[in-house]
């Protein structure tokens, strides 16, 4: 009897964790409708990324007021070559191979061996994985200065697509995949997107869809603060998206900690760009073209954002209701494999459908006479974790007096470069964090780093695998406010794959307390 009670207790825990219970609300959807919505989600992503591709990061801190390139059906062919799609398919392949219980290490191993070009958090993660820093540490800010960047946010669409009405399942998979390259708000970006997709299968009100995504992330996170702000502004100025954009811009487009965004107009922060996805959905009013146009005109990552917005709306509408103007180019390429993948459009839709049905059955659902019974889950917010190195306030170029270079260094195109094993570089700075920015490559060398005279456990290793575009050589945060010194001491060893021993330093970025 005691054993039976214990088993029942464990069952209750599982039911609570995943939102399953005898009293859970059930909803029906036909197999044809589920397939149509999955197809609409993938088509929406393809159309959205191709729609916004010509303007990607060309508008930084401003609305795109000029005319957008006119749409032609053949433009959707560009989606075959877009990282917004083929990177997420790397992770989808892991689920197909290992099943729905795949862990971070499984996703990390697949990502480590990928050959396509990567930037920001993705690039830092692949660099870490190739240095032996495995997932989930590959996305942790201790090793990844881009932890709050957009990367997982643009790769989480598939997770929502395989989780119809199942936001807790979506969050669980997000927690495994997202930690490969992100942390904190960077992780929540993917959970927000995945939660909106999960809701879009059974909800036709864009406001409720956005709120469903919001319910998947911690209420006290900075990401949630931006989306809550947006929702409040939408209630007040629902007919004027440009006014809302300007307020969001003033309040939230600042202090991007990414080394490329620090003290510049460039902003690849997940939460700001996530707001642009939500703006398209809220102000687009279920108009497919208007939704994409608003997310695009918001600027910054203006192909990724309309891709997610159109993907979510594509689920709400279903493939058949996406305007022919936009989807007419898809049949021609429906059997063409996306770059670096084993999947064509038709194949990825089929695999997504299979995994979605597996998750529905895992949740306690069933299929009866062509009708799928889905036990809807209530969203459960992830645990709160927040990270910021501080506010970037100063850039120190290598020619500044704050730097001192000893040994054999040469100055070239704004950089100090050395292959000399005895070379040292010393930086004196003020703040609570610093990022050393330079160049990494296949000829990179190594250096020890001393912080205020104490040797860091993290080696500066400038080697990086091909097609991995990262420029943060080394960083540290959590220092006491005040003056500090960093001493970089060139080493004689290198990664066994490196063709040289080059260290290239361009600048340092200093951060102060918020």
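The values are calculated or read from the model by the stated rules, or taken from the named source; none is laboratory data. Everything numeric here is computed off the predicted structure, so don't read it as measured data. Glycine also receives a Cβ, built like all others from the backbone with ideal geometry; neighbour counts cover every protein chain displayed.
For residue 386, the criteria (1) touching a residue at least 40 places away in the same chain (Cβ under 8 Å); (2) touching a helix residue (DSSP H, G or I) at 6+ places or on another chain (Cβ under 8 Å); (3) assigned by TED's automatic domain parsing to the domain that holds residue 198 hold in every case but one, which is (3). Within the stretch 391-408, residues that are without any contact (Cβ under 8 Å) to a residue 40 or more places away in the chain reach partners that are part of a loop (DSSP other than H, G, I, E, B) with beta carbons closer than 6 Å, at six or more positions or on different chains, in the pairs 408/420; 408/423. Here the strands (runs of 3 or more DSSP E) wholly within the stretch 369-428 that include at least 2 residues being closer than 30 Å to residue 194 by Cα are 371-375.
Answer yes or no: is there a residue in the stretch 32-41 that is without any contact (Cβ under 8 Å) to a residue 40 or more places away in the chain, part of a helix (DSSP H, G or I), surrounded by fewer than 20 Cβ atoms within 10 Å (Cβ to Cβ) and in the same structural domain as residue 255 (by TED's automatic domain parsing). Looking for residues that are without any contact (Cβ under 8 Å) to a residue 40 or more places away in the chain, part of a helix (DSSP H, G or I), surrounded by fewer than 20 Cβ atoms within 10 Å (Cβ to Cβ) and in the same structural domain as residue 255 (by TED's automatic domain parsing), one finds none in the stretch 32-41, hence no.
A single member of 491, 497, 410, 512 is out of contact with any helix residue (DSSP H, G or I) (no Cβ under 8 Å at 6 or more places or on another chain) and closer than 23 Å to residue 388 by Cα, and it is 512.
Please list, ordered by residue number, the strands (runs of 3 or more DSSP E) wholly in the stretch 440-514 having 2 or more residues that are within 24 Å of the chain's Cα centre (by Cα).
On the way: elements: 446-451, 472-476, 483-490, 503-512.
Hits in the stretch 440-514: 472-476, 503-512.
Looking only at the stretch 247-270, residues that are free of Cβ contacts under 8 Å to residues at least 12 places away in the same chain and either over 23 Å from the mean Cα position of the chain (by Cα) or assigned to a helix (DSSP H, G or I) (or both) come to 1 in all. Residues of the stretch 441-454 include at least one that is without any contact (Cβ under 8 Å) to a residue 24 or more places away in the chain, exposed (fewer than 14 other Cβ atoms within 10 Å of the Cβ) and under 28 Å from residue 183 (Cβ atoms).
Regarding residue 108, is this residue crowded, with 24+ Cβ neighbours inside 10 Å and either in contact with a strand residue (DSSP E or B) (Cβ under 6 Å, 6 or more places away or on another chain) or not assigned by TED's automatic domain parsing to the domain that holds residue 47 (or both)?
Details: crowded, with 24+ Cβ neighbours inside 10 Å: yes; either in contact with a strand residue (DSSP E or B) (Cβ under 6 Å, 6 or more places away or on another chain) or not assigned by TED's automatic domain parsing to the domain that holds residue 47 (or both): no.
In short, no.
The set of residues from the stretch 79-105 being surrounded by 18 or more Cβ atoms within 10 Å (Cβ to Cβ) and either in the same structural domain as residue 496 (by TED's automatic domain parsing) or over 15 Å from residue 151 (Cα atoms) (or both) comprises 79, 80, 92, 94, 95, 102, 104. Restricting to the stretch 200-212, name every residue that is in contact (Cβ under 8 Å) with a residue 60 or more places away in the chain and in a helix (DSSP H, G or I). Within the stretch 200-212, 200, 206, 207, 209, 210, 212 qualify.
Would you call residue 459 closer than 25 Å to residue 144 by Cβ and crowded, with 19+ Cβ neighbours inside 10 Å? Walk me through how you get there before you give the answer.
Numbers: closer than 25 Å to residue 144 by Cβ: yes; crowded, with 19+ Cβ neighbours inside 10 Å: no.
For residue 459, the condition - closer than 25 Å to residue 144 by Cβ and crowded, with 19+ Cβ neighbours inside 10 Å - is not met.
Return the residues of the stretch 134-164 that are in a loop (DSSP other than H, G, I, E, B) and farther than 20 Å from residue 309 by Cβ; say none if nothing qualifies.
Initially, the stretch 134-164 is screened for residues in a loop (DSSP other than H, G, I, E, B), giving 134-136, 140-148, 150, 156, 162-164.
Of everything in the stretch 134-164, those that are in a loop (DSSP other than H, G, I, E, B) and farther than 20 Å from residue 309 by Cβ turn out to be 134, 135, 136, 140, 141, 142, 143, 144, 145, 146, 147, 148.
Candidates in the stretch 216-246 are the residues that are in contact with a helix residue (DSSP H, G or I) (Cβ under 7 Å, 6 or more places away or on another chain) and assigned to a loop (DSSP other than H, G, I, E, B); of these, the one that is farthest from residue 376 (Cα to Cα) is 237.
Look at residue 163 and say whether it is assigned by TED's automatic domain parsing to the domain that holds residue 349 and either surrounded by fewer than 24 Cβ atoms within 10 Å (Cβ to Cβ) or closer than 30 Å to residue 202 by Cβ (or both).
Working: assigned by TED's automatic domain parsing to the domain that holds residue 349: yes; either surrounded by fewer than 24 Cβ atoms within 10 Å (Cβ to Cβ) or closer than 30 Å to residue 202 by Cβ (or both): yes.
Criteria met by residue 163.
Selection of the stretch 321-345 for residues being outside any loop (DSSP other than H, G, I, E, B) and under 25 Å from the mean Cα position of the chain (by Cα) yields 337, 344, 345. For the stretch 273-300, the set of residues classified as under 23 Å from residue 327 (Cβ atoms) and assigned to a loop (DSSP other than H, G, I, E, B) consists of 285, 286, 287, listed by residue number.
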